[in-house]
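Only one structure is covered here, and it is reproduced in the block below.
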Amino acid sequence: VAVVIIACPCALGLATPISVMSTTGRAAQKGVLFKDAEAIEALSKVNTLIIDKTGTLTEGKPSLKEIKLLTDDVQHIQVETWIASIEQHSTHPIAKTLTKLVPEDQLLSTQDFEDVFGFGVKAKVDGQWLYVGSQKLIETMRLSLNDSLIQILDQQRREGNVISFIANDQQVLAYMSIHDAIKHNAKAVIHQLLSDGVEVIMATGDHEQNASVVAETLGIQQFFANCTPQDKLDLVKNIQAEGKVVAMAGDGINDAPALAQANIGIAMGNGTDIAMESGDIVVMEGDLENVVAAVQFSKKVMTRIKENLFWAFAYNVILIPLAAGALYAGFGIMFMPEWSALAMALSSVTVISLSLALK
């Protein structure tokens, strides 16, 4: 009877779920939502983090500095109205700012709106196709920018401003200079991740100079600019092919394929629904510090699970021989069933206490 009681695997059965429940509860209080226990285990093995820029490393609350007309064929208010009318349908963080260029009752109706993933958006307004997006979008339309303008734009980018354009099928109509501040804790977060042994790579759809400024400011050694959703997906695959365990952190539609492909997807909770659906972990409010917290939670819980399993096995390895009569043969001491019951209870208490200590 003593052997049967001691061998009851209560502590073994509690070792993992109690640790997982304790961790997911504490993580949720911090604003980190794990979709399942597998996400915790996968994150604990991550050694490479690919991270988006806009809305992830930056505030995602851009301010418009100026709109500069590049042709005499349009008026300033006309361009502002076109931009706002198109951007009202977009989910990009910059779109929220651009939609406010004109009052809501002045927004025009649009037809055939389309997200040109990785480049911008397009729609029919006032009977013509209009495009709002990056320089890469302009280049794919085979529209040219003169050298003097490119120099001006490069200077803007060196100052940390993002450049976006509005164009029709024939010409570029204007450019917008937009500033999106880097999150105040971004540099500390990157430093902490590097200290924890996680390689950080930035992948963004923005121009290379914008990416370079942010990477240099934050101490990110490797970055990729002008990335389409397919480029980000391929980047994840290529790094995985090197044998690395990859996490992807992002907030937008453009990040969704990479989030789904990565060993673990970290969706910023201030982003799009499709990004959050694609992620294995959701960081509420997009707080970068909680990306570090998620990594540290996962490593801690896996360590604690192993400790729990050790103690669950240790009780049995030591006490089963005693319950089977090891002490009786040498000292005449019989291991009573009630002692077994107490020992079994203590093993469960040990495992539960270690798990709750995670809080």
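The values are calculated or read from the model by the stated rules, or taken from the named source; none is laboratory data. Quick caveat: nothing in here was measured; it's all calculated off a predicted structure. Note that we place each Cβ from the backbone using ideal geometry, even for glycine, and neighbour counts take in every protein chain shown. Note: areas computed on protein heavy atoms with side chains; ligands, DNA, RNA excluded. Shrake-Rupley method; radii C 1.70, N 1.55, O 1.52, S 1.80 Å.
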Selected from ASP105, ASP273, ASP231 as most flexible by GNM, with the chain as the system and alpha-carbon contacts under 10 Å: ASP105
List MET334, MET176, ordered by accessible area with a 1.4 Å probe, largest first: MET334, MET176
Extension gain, ASP196 back to ARG142 (0.36 nm per residue minus Cα-Cα distance, nm): 14.9 nm
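Checking the table LYS61/LYS237; LYS183/LYS299; LYS61/LYS187; LYS30/LYS187; LYS237/LYS300 against a 23 Å threshold on Cα-Cα, which pairs fail? Before the final figure, lay out the partial values.
Numbers: LYS61/LYS237 30 Å; LYS183/LYS299 25 Å; LYS61/LYS187 18 Å; LYS30/LYS187 20 Å; LYS237/LYS300 28 Å.
Distance filter (> 23 Å) returns LYS61/LYS237; LYS183/LYS299; LYS237/LYS300.
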Exposure of LYS187 as accessible area (Å², to 10), given a probe of 1.4 Å and all protein chains: 130 Å²
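Computed FRET efficiency, Cβ-Cβ of GLU242 and LYS96, R0 35 Å: what is it to the nearest 0.05? Provide the component values of the computation, followed by the final result.
On the way: r = 37 Å, r/R0 = 1.07.
Result of the calculation: an efficiency of 0.40.
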Separation between Cα centres of region 119-194 and region 322-351, rounded to whole Å: 73 Å
VAL4-GLU38 pseudo-label distance in nm [points 7 Å out on the Cα-to-Cβ vector]: 3.8 nm
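So for the chain, what are the equivalent ellipsoid semi-axes in whole Å, largest first, each being the square root of 5 times an eigenvalue of the Cα gyration tensor? Mind dumping the intermediate values first?
Numbers: eigenvalues 672, 67, 45 Å².
Semi-axes from the Cα gyration tensor: 58, 18, 15 Å.
Using the structure shown, select from LYS35/LYS232; LYS53/LYS306; LYS232/LYS306 the pairs with a Cα to Cα distance greater than 26 angstrom. Mind showing how you got there, number by number?
Working: LYS35/LYS232 23 Å; LYS53/LYS306 36 Å; LYS232/LYS306 35 Å.
Listed pairs above 26 Å: LYS53/LYS306; LYS232/LYS306.
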Principal-axis tilt of helix 289-323 within the chain, Cα atoms, nearest 10 degrees: 10 degrees
For SER144, solvent-accessible area (1.4 Å; no DNA, RNA or ligand), Å²: 100 Å²
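May I ask what percent, to the nearest 5, of DSSP beta bridges between residues of the chain are antiparallel?
Working: 30 of 48 bridges.
Of the beta bridges lying entirely in the chain, close to 60 percent run antiparallel.
Ordering ASP255, ASP73, ASP206 from largest to smallest accessible area (1.4 angstrom probe), what's the sequence? If you can, show how the numbers build up before the last one.
Values: ASP255 5, ASP73 110, ASP206 25 Å².
The most accessible residue leads, giving ASP73, ASP206, ASP255.
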Cα long-axis angle, helix 186-195 against the chain (0 to 90 degrees, to the nearest 10): 40 degrees
0 to 90° range, to nearest 10: angle between helix 76-87 axis and the chain longest Cα axis: 30 degrees
Fluctuation leader among MET276, MET202, MET302 - the chain, Gaussian network, Cα springs under 10 angstrom: MET302
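Can you tell me what the convex hull of the Cα atoms of region 167-248 projects to on average, as an area in nm²?
Numbers: hull surface 28.2 nm².
Seen from a random direction, the Cα hull of region 167-248 projects 7.0 nm² on average.
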Tail fraction, Cα-Cα pairs, region 86-142, threshold 17 Å, whole percent: 38 percent
Rounded Å value of the spacing that divides the Cα centres of region 207-263 and region 84-115: 27 Å
Region 140-236, accessible surface, carbon-and-sulfur percent (1.4 angstrom probe): 47 percent
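Working with all protein chains in place, sort LEU49, LEU143, LEU14 by solvent-accessible area computed with a 1.4 Å probe, largest first. Kindly include the intermediate steps, with their values, before the conclusion.
Numbers: LEU49 5, LEU143 25, LEU14 50 Å².
Output order, biggest surface exposure first: LEU14, LEU143, LEU49.
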